[in-house]
Amino acid sequence: MPVQSDRPDIDAILRKQFGFATFRPHQRQIVEGLLAGDDVLAILPTGGGKSLCYQLPAIVRPGLTVVVSPLIALMKDQVDNLDELGVPATFLNSSLPPDEYNRRWRDLNRREYRILYLAPERLVNAEMLGALQGWDVGLFAIDEAHCISEWGHDFRKEYRELSVLRDRFPGVPLVALTATATERVRNDIVAQLRMRPPRVHIASFNRPNLSYRVVPRNAPMKQIQGILADHPGESGIIYCMTRRRTEEIEEALTRQGIAARAYHAGLDADERGRRQDMFLKDRIQVMVATVAFGMGIHKPDVRFVVHHDLPKNIESYYQETGRAGRDGLPGECVLLYSGGDAVRIRRLIDEIGDEHERSVARAHLSKLTEFCEGTRCRRVQLLQYFGETYCNGDGEVLQVCGACDNCLNPRERIDGTRPAQMLLSCILRVRQKSGFGVGLQHVVDVLCGADTEKVRRWGHQGLSTFGIGSEHSRSEWTHFARELIRLGLVRQDAEAFNVLEVTEAGRLFLKARERIEVDRPMMTGRLSREKREQQKKMTGAVAYDQEVFGRLRDWRKRLAAERGVPAYVICHDSTLQAIAVEKPSTLADLSRIPGLGERKIAAYGEGILTAVRSLGTGPA
Ligand code: ADP
Ligand code: ZN
């Protein structure tokens, strides 16, 4: 069938200008909706490819596309990216010197740009609205649209004023984009922006290239070291609850020779900007951050995200881990879990004055601890939280992903008789000897034979149960104790300093020499080599020529430094990997590599081919 002349060939543009062979899920429908002049609400997870949804129409549609974005730092990045693709784009913000600002304004008057990035407060200023009316706007794209809603996780009141757009530009289509899934936020976006009944596209929230792992936090620095050892030279983020903790970890990592910086709201804006820039340009490997380090991170090659402390809730956890693997290559998400964190947070929650707020916070926390302690596939649990069933491409429901800790090391039931007997006798012996009960930590100290002040003061090193439990780690003992509490053999007295008591059922169990089964404890150490290979395979890692890849990276690094842009602006790791698989030898071969459009091939093709060749010539 001949292509209608008035219908642009968006597949060809995708290939030539962006260098991509196929659309990601929902991209095509969103682009087509906008080309038809409809309003569109697009809900795609991080890394789902939201930018393309408005950038492609911006190239095709007549007039200027105005993109509203909350973060000034991000605009430059986006414009650099578009520059590389050969799309004339610019931004206006307060960081520009007046000369430059005026020059851009003049070029806008001359219709020299296809895309203009603006912060919301600048867009709604009267002078700007007037100017836009003269610039023939063809499309408005509202990025991070959840910022308009108080129900979202990042409300910004400047976003509220965007409601004027519908009045001032009644005929111009509007696309709102976000990665926030909740229905409340969705409805709020549509209402606040006064969208004409929009076409709504909601993508799956599954991030197949991310793996999730929950590890009891028993030796955090050592555990972090292990994760870093699995990601040599790769970028990562470590999230912490407090500013102080970010600085402590920064210091510890720096001492080990790892380029790390802390990032939190206590630093002034300049310093934060500087550190973010260092991270984007790979001058530091690890950002140790509070949640203040958030939405601005469009670095596509973040390979791991560690939560040193419990995140605020599952939604935050999903957003924060979502910053890994935007480029589609594997990303590892590790949560260092401590039951103690949960207890502390519960105490803080108890102090919340407002009853409704308190109960919401409690519900969030219990969902989160359920997730952490759960034995089912992490991916299945996460998706379920967002009301989604985990399916394969054929729509079959799946119960396992094969890449998370619970899939790699299934938490089957094990015989817990021996540890249960040890724990129960230890609790009884302590009470017998001292006449009072003690908390979980002390019982574990006695079982593990720890030399603590309390052990010495109370003479517990003389107990027959002292040190008999050295075959299990502290976190395993904590796990066993939790299981016994759950099974009703031990009671934790919340009224009396969480002292442990053996219940009647516990005594009977000991006397009758019964057997019990418990959940196997979570792994605290690193994944075995073999499991790690499986994890990588299940999250889409491919085999490529490491040497060629290294050479390409060096080439890209030089180029990026020359131009003062982050390396990923030149091209992504995924592109370099594809080259290291295919080892193309002609410019024509390069056009089959994802991420290389015509413009990039013209600019870099020869450089890439040289980098490939200089290694590919070794003896066969
Ligand atoms: P989001 O804003 O939704 O998090 P981005 O727009 O930053 O995602 O896109 C994430 C990455 O996916 C980018 O590196 C982009 O180049 C890439 N990408 C977008 N669309 C496609 C596609 N159709 N095929 C391959 N890669 C794509
Ligand atoms: Zn799984």
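The values are calculated or read from the model by the stated rules, or taken from the named source; none is laboratory data. This one's a predicted model, so the numbers in the text were calculated from it and none came from an experiment. Neighbour counts are summed over all protein chains in view; Cβ atoms, including those assigned to glycine, are modelled from backbone coordinates with ideal geometry.
Which condition number in (1) buried (at least 19 other Cβ atoms within 10 Å of the Cβ); (2) at pLDDT 95 or above is the one that residue 478 fails?
For residue 478, the failing item is (2).
Filter the stretch 298-320 down to residues that are among the hydrophobic types (A, V, I, L, M, F, W, C) and not in a loop (DSSP other than H, G, I, E, B) and give me whichever is surrounded by the fewest Cβ atoms within 10 Å (Cβ to Cβ).
Going through the qualifying residues, I end up with 314.
Of the residues in the stretch 23-56, how many are in contact with a Gly (Cβ under 9 Å, 6 or more places away or on another chain), over 26 Å from residue 322 (Cα atoms) and either within 16 Å of ligand 2 (Cβ to nearest atom) or not small (Gly, Ala, Ser) (or both)?
Counting residues in the stretch 23-56 that are in contact with a Gly (Cβ under 9 Å, 6 or more places away or on another chain), over 26 Å from residue 322 (Cα atoms) and either within 16 Å of ligand 2 (Cβ to nearest atom) or not small (Gly, Ala, Ser) (or both) gives 1.
Do you know which residues across the stretch 80-110 are of a type in the set (D, E, K, R) and surrounded by fewer than 13 Cβ atoms within 10 Å (Cβ to Cβ)? Explain how you work it out, then say what you get.
Filtering the stretch 80-110 for residues of a type in the set (D, E, K, R) gives 80, 83-84, 99-100, 103-104, 106-107, 110.
Listed by number, the residues that qualify are 99, 100, 106, 110.
Being small (Gly, Ala, Ser) and in contact with a Gly (Cβ under 6 Å, 6 or more places away or on another chain) is the filter here; which residues of the stretch 57-68 pass it? I'd like the intermediate steps shown before the answer.
First, pick out the residues of the stretch 57-68 that are small (Gly, Ala, Ser): 58, 63.
Correct list: 63 only.
Of the residues in the stretch 402-417, how many are more than 10 Å from residue 211 (Cα to Cα) and of a type in the set (A, V, I, L, M, F, W, C)?
Matching residues across the stretch 402-417 total 3.
Do we have any residue at all in the stretch 549-562 that's within 16 Å of ligand 1 (Cβ to nearest atom) and among the acidic types (Asp, Glu)?
Scanning the stretch 549-562 turns up no residue that is within 16 Å of ligand 1 (Cβ to nearest atom) and among the acidic types (Asp, Glu).
Can you give me the ranges of the helices (runs of 4 or more DSSP H) entirely in the stretch 71-181 with at least 3 residues that are within 25 Å of residue 43 (Cβ to Cβ)? Please lay out each step first, then the result.
Numbers: elements: 72-85, 98-109, 120-123, 126-134, 157-160, 164-168.
The qualifying helices (runs of 4 or more DSSP H) are 72-85, 120-123, 157-160, 164-168.
Return the residue satisfying two criteria in turn: it lies in the stretch 6-23 and is without any contact (Cβ under 8 Å) to a residue 60 or more places away in the chain and within 25 Å of the chain's Cα centre (by Cα), and of such residues it is surrounded by the fewest Cβ atoms within 10 Å (Cβ to Cβ).
The extreme case among them is 22.
Please determine, by comparing only the residues of the stretch 329-352 that are farther than 21 Å from residue 478 by Cβ and buried (at least 20 other Cβ atoms within 10 Å of the Cβ), which one is farthest from ligand 1 (Cβ to nearest atom).
332
Would you check which residues across the stretch 368-415 are in a strand (DSSP E or B), within 30 Å of residue 515 (Cα to Cα) and either of a type outside the set (A, V, I, L, M) or within 9 Å of ligand 2 (Cβ to nearest atom) (or both) and list them?
413, 415
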